[in-house]
1. Residue check: is B:Ser317 open to solvent by 60 Å² or more (accessible area, probe 1.4 Å) and under 13 Å from B:His366 (Cβ atoms)?
2. Condition check: closer than 30 Å to B:Ile88 by Cβ, within 14 Å of chain B (Cβ to nearest Cβ) and modelled with pLDDT under 90. Does A:Leu3 satisfy that?
3. Looking only at region A:189-214, which residues are within 26 Å of the chain's Cα centre (by Cα) and open to solvent by 80 Å² or more (accessible area, probe 1.4 Å)?
4. Restricting to region A:128-150, name every residue that is free of Cβ contacts under 8 Å to residues at least 60 places away in the same chain, part of a loop (DSSP other than H, G, I, E, B) and surrounded by 14 or more Cβ atoms within 10 Å (Cβ to Cβ).
5. Can we say A:Val330 is open to solvent by less than 30 Å² (accessible area, probe 1.4 Å), more than 20 Å from A:Ser519 (Cβ to Cβ) and in contact with a helix residue (DSSP H, G or I) (Cβ under 6 Å, 6 or more places away or on another chain)?
6. Could you list all residues from region A:86-126 that are outside any helix (DSSP H, G or I) and among the aliphatic types (A, V, I, L, M)?
7. Looking only at region B:33-43, decide whether some residue is at pLDDT below 90, of a type outside the set (A, V, I, L, M) and not in a loop (DSSP other than H, G, I, E, B).
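The values are calculated or read from the model by the stated rules, or taken from the named source; none is laboratory data. The structure displayed is predicted, hence computed values, not measured ones. Note that we place each Cβ from the backbone using ideal geometry, even for glycine, and neighbour counts take in every protein chain shown. Surface accessibility is based on the protein's heavy atoms, side chains included, excluding ligands, DNA and RNA. Shrake-Rupley method; radii C 1.70, N 1.55, O 1.52, S 1.80 Å.
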Amino acid sequence: MSLASTAAIPLRIPWFRSRGLVAILLIYAMLAVTVAYPLLAVLVQSFSEGAGLSIAKIEEVFTTPNIIDAVVNTLMISVFTVVFAGVVGVTLAWLVARSNMPFRRLFDPLNMVPFYLSSVVGALSWQVVAAPRSGLINKLLEPFFDKPPFDIYSVGGIALVLGLFYSPYVYLFTLGSLQSMDASLEDSARMSGASKFQTAIRITLPLSAPAILSSCILVFVTAAGIFGVPLVLGVPANLHTLSTLIYTAINEYPADFAKAAILSSALFIFTAVFTVAQILLLRGRRFTTVTGKGYRPRRVELGRWRWAAAGVNGIYLLFVIGPFIALLIVSFQDAWTGVFDVSRFTLANYKKVMFVDAIAHRGLINSLFVSTIGATVAVAVCMTLALTIHRTRLPGRAGLAPLAMVPVTVPGIVLGLGFLIALVATPLYGTLWIIMIAYVVHYLPTGLRNSESLVQAVSRELDESARMSGANWWRAMTRIVVPLVSPGMVSLWLLMFVTYIREVSSSMMLFTYGTETISIALIQIMEYEPYGVSGAFGVLQTVLVLACVAFIRQVSSPRQINA
Amino acid sequence: MSGRPIHEGGVSGHSVPVTVERLTMSYGAVQAVGGISFHVAPGQTVTLLGPSGCGKTTTLRCIAGLEVPTAGRITVGERVVFDDASNIFVEPERRNIGMVFQSYAIWPHMTVGGNVGFPLSIAGVSKNEVQERTHAVLELVGLGDLQRRSAADLSGGQQQRVALARALVHEPSVVVFDEPLSNLDANLRERMRAELQLLQSRLGFTAIFVTHDQKEALSLSDYIVIMNKGLIEQTGSPQEIFTNPATAFAARFLGYSNVFPGWVAAIGDAGVVQIDFGDGLRLSALWRSPNPPRAGEDSTVAFRADRVVVRPGGQQSGENVFAGEVETAAFLGTTFDYTIKSGALEIQAEGSVDHPVSRGQAVTVHIPADHCHAFSATTAA
C-alpha cells in the first residue's frame, strides 16, 4: 500500500506512521548490532589468520589430534546425554500424564526442578558424591573394590550430569503433548481391540513423536555446546570438548583467536543445522494432536506396577536431589571426612563466601546487578518486539521474529566469543554491561517466544475497541494490552533473572578481573577451596534460584511460561 | 429520526451519512472485498448481511479504520476518512465512530465504569463529567447500578450492554456493530434486538450492523446490503429484498428453502416464464434477473416453503400444480414441515397443524406463480 503523505486534505497522519518506520528501523539496527554482528565476527575471524582470507588455519586446526579427540568427546557426550534425557523424560512424562502412579502430583513439579538449577552446581554436587577418591559413594564402596568404582571425571560422568539436568526439557515437551491429546484418539484404538499398552505404543507415542523428537534435538545441540559441566568434570581429567577447547584457546598465551573462531564456527554450524531441523519439525505438526475438548485422556491402571513406577521416578529425583543434599551437608562441615560429623558443624563456609572471600562476594553482587538490569531490559525489549510484530502493520515486522530467534542456534560460548571479538576494542569490554548484553541476546528467543504468547493471548478486539474509543496506538498498548499481560511479564522477568543467575558460557568468555559473575566465582573457588566452601556458595546460588522459581509458580500457572 | 438530547450531560444524537465507494480489500492474491459501493443515509440503520467470508466484517472494519483498504473511498459525514487516490487514511481513533465488537471486548482489568468512561477520559474530559456521563449512559442501557462492579464478572447480556454503553458514551455520529447479538442465547437476543432498535431511534445515530442472521437483519434494518464473495448481491429495504430477491443466492440466504435448477422453456407476458425441470415438470415463475430471459438458457427457480399449498389426494391439476408423495413430515409445534417428492424435485413445504398429511401419502402441491422467482443461472451463486 502506498500511503505516502501527499494529500491536499491534511487528514493523513504522517507523523505516526513515519515514527513507526523510524522505530522499526531502530529495532532492526539494534538486532543487527547485537545479534548478527557478533556472529559474523566469529565467522570472519575463522578465515582471517594473517593477511587476507585463508583456509590454511582451518586445515591446521582440524588435523590436530587433540581436536579430533575433542570432537569425538563432544559427540559422545551429546549422544549419551540425549539417550539418557530422552528415556528418562518420556518415561516420567508418560507416568505423570497417563498412569495412576502414586505421588504423581508431587512428582510433577519436582521433576521440573533441575530445569531451573545450575548444572555447574549439579556437577559440583556430583563431585562430592562420585569423585574417584573423595566421593561419598566411592568411600562407602571402598571396602568391596580394588579401585574406586565410580569416576565422575569422565565422558560418562559428564553425560550423567547433563542427562539429569536436561531430562526436564524432554519431560516438559512430552507432558504438554500428552496432556493436550484428544482422548478419543486413544479411546477409538481401544474400541478397535488394542490393549492399553498396544495403544500407548502404537497411538500415543507416535502422536507425541514430534514433541519428543524436537525436544531431543534441543537437548542434543545444547549438550554439544555446553561449557560449564565439561569444564568442571572434564578438564581436570584432561578430557576436552569443543567448548572447553574454545575457552583454552582464548586463555592460553598468546591467545589464539583464529583457532577459537574456527572451533566456534564449526560448533555453530553443527548446532544451527540441528536447531533449524528442530524448528521445522515442530512447525508443521505442533497442533495436530491438540483439540479444544474439555475432557482429558484416561489414565492407564498400572496395578501392582504402579509402586515400581513411583520407584523409578523416585530414583530420578534421588539422583538429582541426593547430591544436592550431600552438598548441603558438606557446606556445614569445617572439614569433609566422608561422613556427617555433628562436632564439625560450622557456619564458617557461608560466612566466608558471603563476606570474606572477595571473589565470591563480588560474584554475588555482580550477578545480582547484571541479572536485575538484564531481566528488566530483556522484558522491555521482548515486549517491544512482540507488540511490534503482533500489534502493528509496520512494514518489515514479519522479519523481526526470525532475526531475534537466531541466538537459539548459537551456543553461549560461541556467542561470548562473538561479543569478545566484536567489542574487545570498545570501552564496553571489561564491564558488566557487555555481559548483560550477551545475556539479553543469548536468551532473546526464550523471552520473545514467551512475550509473543502473552501478547497473542490478548484478543485483538480488546485494543481495537480502545482505538475505537479514541485512544491512539500507544495508549491502547499502555492502557489495555500491557496491564493485561503484566502478570505474565513478572513471570518472564523472574525466568530471565534465574536464567542469568546461573549463566556460565558467555560470562566465562567475557569476564575480566572485577566482573566475575556468581558462576565464574564458583568455578574459581572450586579450584582453590575445599568442597565445604564451594558447596556453601553453590547452595547459596541454588537457594536464590529456587526462591525465584517458587515465586514464579505463585504468580503464574507453571506451564504458562516455558523455556 | 433526528436525535435529541435525552439526558443532562448524556448522549445526544447528531447523525451523519456514510458513503462507501469502490471499496476494495485484498490480502495478497485473495480479494476479500471486490470494489463495492453503498450509501447510508443519516440516522439510518443499515445491515451488511451475508455468510461468513463474504467480506461484510472486512467492510465494517474498513469503515471503522481498523483495516487499511487496498482501494476506494470512504466518507463519514463531510469528512473523507479513506481515499487511496489522494492518500487519505484517518486513524480509527480520529473517526468518531463507536463500535460494538462481536466478543464485546470488555477490558477485564477495569470496572464497568472504567470501561464505559474510557473514551471520555482519553478525550480529556474532566473527572466529574466522566462520572456523570458514564452514569447517564449506563442508566440508558439499564446498568445504572453496576458502575463500580469489576468488568471481569459480568454475564453475556451485561457485557453486551457495557459494550454498547462504551460505544455510545462519546456521542459518536456513527456506531458500527460486528455481529453484536450472535453470542447471546435466543431469548436474550430477541430482547436486545428490541432494545437496540429503541435506543437507535431515540438517539438517532447512524448505525451499521454486520450479521449473518437474516431474521436479525430483517427486523433491525431500514436498509439491507446482501453480500457474497466480496460483492454486493442486492440492496433494498427488508420488505423489498424479502419479497423480491434479485438473485438465487439472495433467495437462498433469505430462507427460500426451495431452489431448483432448470431451463427456460417458454417466455410469456409480463415477466412470466415457463421453467422446465425435466421429467415433464414445468413451473410458471416471475423472471427476476435484470437481463431478459432467453429461451433454452439455464435458470434457477426459488420459492418459500410457506408459499407451497399442500392438499391430500393426487388428482387435481392446473398451473403450477403437481402430484407428489410425502417423504418426510416433521411436527414443529405451530406448523408441519414436509418434504414432498414430485418427479425429480424434493419440495420443502410448510403445512397447517389442523390439516396434516402423513408420510407416504399422495398429495398435490400448488405453488402460486407470483411466489416463484426465476433467475438467470449465469448470475446465480
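1. On the way: open to solvent by 60 Å² or more (accessible area, probe 1.4 Å): yes; under 13 Å from B:His366 (Cβ atoms): yes.
The answer is yes for B:Ser317.
2. Values: closer than 30 Å to B:Ile88 by Cβ: yes; within 14 Å of chain B (Cβ to nearest Cβ): yes; modelled with pLDDT under 90: yes.
For A:Leu3, the condition - closer than 30 Å to B:Ile88 by Cβ, within 14 Å of chain B (Cβ to nearest Cβ) and modelled with pLDDT under 90 - is met.
3. Within region A:189-214, just A:Leu213 meets the criteria.
4. A:Ala131, A:Pro132, A:Gly135, A:Pro148, A:Pro149, A:Phe150
5. Working: open to solvent by less than 30 Å² (accessible area, probe 1.4 Å): yes; more than 20 Å from A:Ser519 (Cβ to Cβ): no; in contact with a helix residue (DSSP H, G or I) (Cβ under 6 Å, 6 or more places away or on another chain): yes.
No.
6. Going residue by residue through region A:86-126, those that are outside any helix (DSSP H, G or I) are A:99-103, A:112, A:117-118.
Passing the criteria: A:Met101, A:Met112, A:Leu117.
7. no
So that you can scan it fast, the table gives a plain yes or no per residue for (1) within 30 Å of B:Leu48 (Cα to Cα); (2) not small (Gly, Ala, Ser):
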residue	(1), (2)
B:Gln234	yes, yes
B:Asn244	yes, yes
B:Ser299	yes, no
B:Val309	no, yes
